[in-house]
Amino acid sequence: MAKLQLGDLSKNERESAETLESASKGKMMFGDCVGIFKAQSEASNLLKPSTKLYRREVIGSISKSWPGIETRDVRKISANDCNSWAAKYARQPATMAHWGVLRAIFNVAIR
């Protein structure tokens, strides 16, 4: 069991390092931020497995409801873009959780 977890951890760290390398070159796509956020979430011992699963589901839902966001430069996503997405998505359940995950992903870009 420990070897499996170690393999997962090393995979997440490798993916995170690759994404950080692209960010250091000055251009970070939203998908890169998602990759870092996923790696951090999976590596966290503070989160329950159900929380990790829920975050993955929310990320999938955001990607599905906002076509093309994964390939957009995170610096070019404006507040108006977020508000437009939210207006279309507001009728869906659990919108507040989606905002929380979206905010956390943008915080990755800020750091």
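The values are calculated or read from the model by the stated rules, or taken from the named source; none is laboratory data. Please read these numbers as outputs of a predicted model, since none were measured by experiment. Cβ coordinates were reconstructed from backbone atoms using ideal geometry, including for glycine residues, and neighbour counts include every protein chain displayed.
Exactly one residue out of Thr51, Thr71 is touching a strand residue (DSSP E or B) at 6+ places or on another chain (Cβ under 8 Å), at negative phi and not basic (Lys, Arg), and it is Thr71. Based on this model, can you work out whether Leu46 counts as at pLDDT 95 or above and either among the aliphatic types (A, V, I, L, M) or touching a strand residue (DSSP E or B) at 6+ places or on another chain (Cβ under 9 Å) (or both)? Yes: the conditions hold for Leu46. Residue count for the stretch 56-111 under the criterion of being polar (S, T, N, Q), farther than 14 Å from Phe37 by Cβ and assigned to a helix (DSSP H, G or I): the result is 7. Residues of the stretch 76-99 that are at pLDDT below 90 and either loosely packed, with under 13 Cβ neighbours inside 10 Å or farther than 19 Å from Phe30 by Cα (or both): Asn83, Ser84, Ala87, Lys88, Ala90, Arg91, Gln92, Pro93, Ala94, Thr95, Met96.
Residue count for the stretch 55-65 under the criterion of being more than 14 Å from Trp85 (Cβ to Cβ) and surrounded by fewer than 16 Cβ atoms within 10 Å (Cβ to Cβ): the result is 3.
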